[in-house]
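What follows is calculated from the coordinates using simple rules that are stated; it is not laboratory data. In this text the structure is predicted, and so the values were computed from the model without any measurement. Note: ideal-geometry Cβ built from the backbone for every residue, glycine included; neighbour counts use all protein chains shown.
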Amino acid sequence: MDVTVRELMVLQQRYATLAIENWVTHSVFTMGWWFLVITLVGPWLIFMKLLDRDRILQIWSFGLIVILITTFTDDLGSELCAWIYPISFVPVGLLALPFDFSMIPVACMLIFQYFPTWKKFIIALVSQAAIFAFVGEPISVMLGTVTYLKWKYIYSFVFYIVTGLFAKFIIQKWTT
């Protein structure tokens, strides 16, 4: 095995050990952790009540695109130290699970469902992006679930808009 690969393996093992230790001693059952539980479960409960079952495949496909984009981007940002998750839902792996698999995609799917025209969709998407970037993210920072190192709220604002627009474009091309 290459020396660099071996060193990376040792660092990954050390990271996993520290992450689990941090999660057990400083994360699980804290106020921030309960916030993550609510943001993971709550949106899906609401979504299941509001879902237009006649368009379920189209809406779920849209949501899957959003999940793929947010998960990839979140992992990339974490790896590049743009942000860290001092309090996480799980100790290792998908650290931003409540955001990447619940809050963001559910909000986007509801916008996609209720605002079918491009104009209305864009207005709703920009509103959602502003609320998430300039209200939700500062709350997450305040609760200690995320710390931005090389990231600004305005980047998130743009990211939410681009993600929603891209997902809608793909779905419309695919289904029409």
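Quick look at the numbers
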{"read-out": "Residue (of L36, P138, G63) at the positive-pole extreme of the stretch 3-175, dipole from beta-carbon charges", "value": "G63"}
{"read-out": "Contour minus Cα-Cα distance for I20 and V3 (0.36 nm per residue)", "value": "3.5 nm"}
{"read-out": "The stretch 57-176 - percent relative contact order, Cα under 8 Å, separation 6 or more", "value": "37"}
{"read-out": "Cα-Cα over 19 Å, subset of K49/K168; K119/K168; K49/K173", "value": "K49/K168; K49/K173"}
{"read-out": "Centre separation in Å (Cα based) which lies between the stretch 1-55 and the stretch 113-145", "value": "22"}
{"read-out": "Net charge over other residues, Cβ less than 15 angstrom from the Cβ of I67 (K, R count +1; D, E count -1)", "value": "-2"}
{"read-out": "Inter-label distance, nm, simple model (7 Å from Cα along the C-beta direction), W60/F166", "value": "2.3"}
{"read-out": "Helix runs (DSSP H) in the chain reaching 18 Å along axis by Cα, Kyte-Doolittle at least -0.5", "value": "3-22, 31-50, 56-79, 118-131, 153-175"}
{"read-out": "Cβ-placed point charges (K, R +1; D, E -1), dipole of the chain about Cα centre in debye, nearest 20", "value": "600"}
{"read-out": "Cβ crowding within 10 Å averaged over residues, with 37-48, 88-99 ranked highest first", "value": "88-99, 37-48"}
